[in-house]
Amino acid sequence: MSDFRLKVFECVAKNHSFTKAAQELCISQPAVTKHIRVLEDEYKVKLFDRTGSKISLTKAGDLLFEHAELILSQYNRLEYALHKISNEHVGSLKLGASTTIAQYVIPKYLAKFNELFPKIELSLINDNSRNIESDLKTNIIDLGLVEGVIKDPDLNYQSFTDDELVVITRYKNENLNKEITLNEFIKLPLVLREYGSGTLDVIEKELNLKKVKLSDLNIKMHLGSTEAIKRFILDSNCLGIVSIAAIEQELYDKTLRIIDIDSINFKRQFCFVSMKGRISDPAQEFISFITNWKSY
């Protein structure tokens, strides 16, 4: 890195913490403090306001942060391009994926990508789709992978695979046939993902096409992950709605089964999401890798 102090400053600003920045950069907290002090002395400005344990950027800090991001981005692109001349791919890639993708879809891709590009430092956080998009806009991550409900005009959405949400119940629930009507579905007890999840957005969008609102459903509980829904369903006669990719083992073991709803199909796409006009070279490499997955 050509200017490590800028990297330290950016890390403190993003984490709102000297301690977290030190942990992320693998240096001591006094070293972080020293780097920030040198910058403040050099430019004769105060970069952070400190109130107790909380810190925030000053006006000068905001200005430096804006330019630091541009400068560090160019450094990273230069470093990547120079190494690529020697057929090396060196850099870092911070990914953010919605919970379903992080747990059931992306791991096999990460393993192969790491094998092919071992010098690209990978990291992955998982959260619901709205938070992933927010992390992208605040530069916490370089690339997001979310359920494809296009919501933000500042972001680019690019499909990379199809998915289907299915209605499930425990295998031994003898009260239900393999297929039910929409009216029957509305009355049955249901467990769904939390508000803000891409899964719930897809469900809501499809039901709206049938003039059905979420408030019309007999929702017993919202849970924060697909795994939580599956575990709940195994000990309940409630229904759940999850990605078919998440229940392959349970279908094989005959612990869960799928219930079809007449005239309803919860189809969706998994998408890359990036900032318009801003995508790092490692992120672009990752998109190309998955797009051409069958070639590997």
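The values are calculated or read from the model by the stated rules, or taken from the named source; none is laboratory data. Keep in mind that this is a model prediction, so the values were computed, not measured. Please note: Cβ atoms are built from the backbone with ideal geometry, for glycine as well, and neighbour counts cover all protein chains shown. Surface accessibility is based on the protein's heavy atoms, side chains included, excluding ligands, DNA and RNA. Shrake-Rupley method; radii C 1.70, N 1.55, O 1.52, S 1.80 Å.
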Carbon-plus-sulfur fraction of the accessible area of the chain, 1.4 Å probe, in percent? 49 percent
Just subtract the alpha-carbon distance of Thr58 and Gln29 from 0.36 nm times their residue separation and send over the number in nm, one decimal. 8.4 nm
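Could you give the dipole magnitude of the chain about its Cα centre, charging the beta-carbon of Lys and Arg +1 and that of Asp and Glu -1, in debye to the nearest 20? Walk me through the numbers before you get to the answer.
Numbers: 39 positive and 41 negative charges, 84 e Å.
Dipole about the Cα centre, nearest 20: 400 debye.
Grab the beta carbon distance between Lys178 and Glu69, set R0 = 51 Å, and tell me the FRET efficiency rounded to 0.05.
Values: r = 54 Å, r/R0 = 1.05.
Step by step, r from the Cβ atoms, then E = 0.45.
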Sequence gap at least 6, Cα distance under 8 Å: using those rules, report the relative contact order of the chain to the nearest whole percent. 21 percent
Net charge dipole size for segment 93-188 [Lys, Arg +1 and Asp, Glu -1 on Cβ; Debye, nearest 20]: 260 debye
If one computes the Cα centroid of segment 185-213 and of segment 1-70, what distance in Å separates the two points? 43 Å
Could you work out the helix-only [θ] at 222 nm for the chain, with each DSSP H run of four or more residues adding -39,500 (n - 2.57) and the total divided by the number of residues, to the nearest 500 deg cm²/dmol? -13000 deg cm²/dmol
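What does the accessible area per residue of the chain come to in Å², with a 1.4 Å probe and no ligands, DNA or RNA counted?
54 Å²
Cross-chain or 8 or more residues apart, Cα under 16 Å: how many lysine pairs in segment 45-167 fit that? Count them up, please.
Lysine pairs meeting the criterion: 6.
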Antiparallel versus total DSSP beta bridges in the chain: what percent is that, nearest 5? 55 percent
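Given an 8 Å cut-off on Cα distances and at least 6 residues of separation, report the relative contact order of segment 6-123 as a percent. Let's see the in-between values first.
Numbers: 95 pairs, mean separation 22.1, N = 118.
It rounds to 19 percent for segment 6-123.
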Summed side-chain charge close to Ala22 - residues other than Ala22 whose Cβ falls under 15 Å, Lys, Arg +1, Asp, Glu -1: +4
Whole angstrom only: what separates the Cα centroid of segment 222-247 from the Cα centroid of segment 116-147? 25 Å
25 Å tail of the calculated P(r), segment 156-296, as % of Cα pairs: 35 percent
Need the full-extension length gain, Arg5 to Leu78, defined as separation in residues times 0.36 nm minus the C-alpha distance. One decimal, nm. 24.5 nm
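Restrict the search to segment 192-265; then list the GluC sites (Glu not before Pro) that DSSP places in a loop and that have at most 16 other Cβ atoms within 10 Å of their Cβ.
Numbers: sites: Glu194, Glu204, Glu206, Glu227, Glu248, Glu250; in loops: Glu194.
Passing sites in segment 192-265 are Glu194.
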Pairs of alpha-carbon atoms within less than 8 angstrom and 6+ residues apart define the contacts here; what relative contact order does segment 91-188 have, in percent? 32 percent
What is the local net charge at Asn131, summed over the other residues whose Cβ is closer than 12 Å to its Cβ (Lys, Arg +1; Asp, Glu -1)? -2
Between Ser123, Leu110, Ile140, whose Cα lies farthest towards the positive end of the dipole of segment 101-144 when Lys and Arg beta carbons carry +1 and Asp and Glu beta carbons carry -1, centred on the Cα centre? Leu110
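Taking 0.36 nm per intervening residue step and subtracting the Cα-Cα distance, what contour gain separates Lys112 from Leu251 on full extension?
Details: separation 139, 0.36 × 139 = 50.04 nm, distance 2.66 nm.
Result: 47.4 nm gained on full extension.
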Low-density loop trypsin sites (Lys or Arg not before Pro), segment 218-296, at most 14 other Cβ within 10 Å, DSSP non-H/G/I/E/B, are Lys254, Lys276
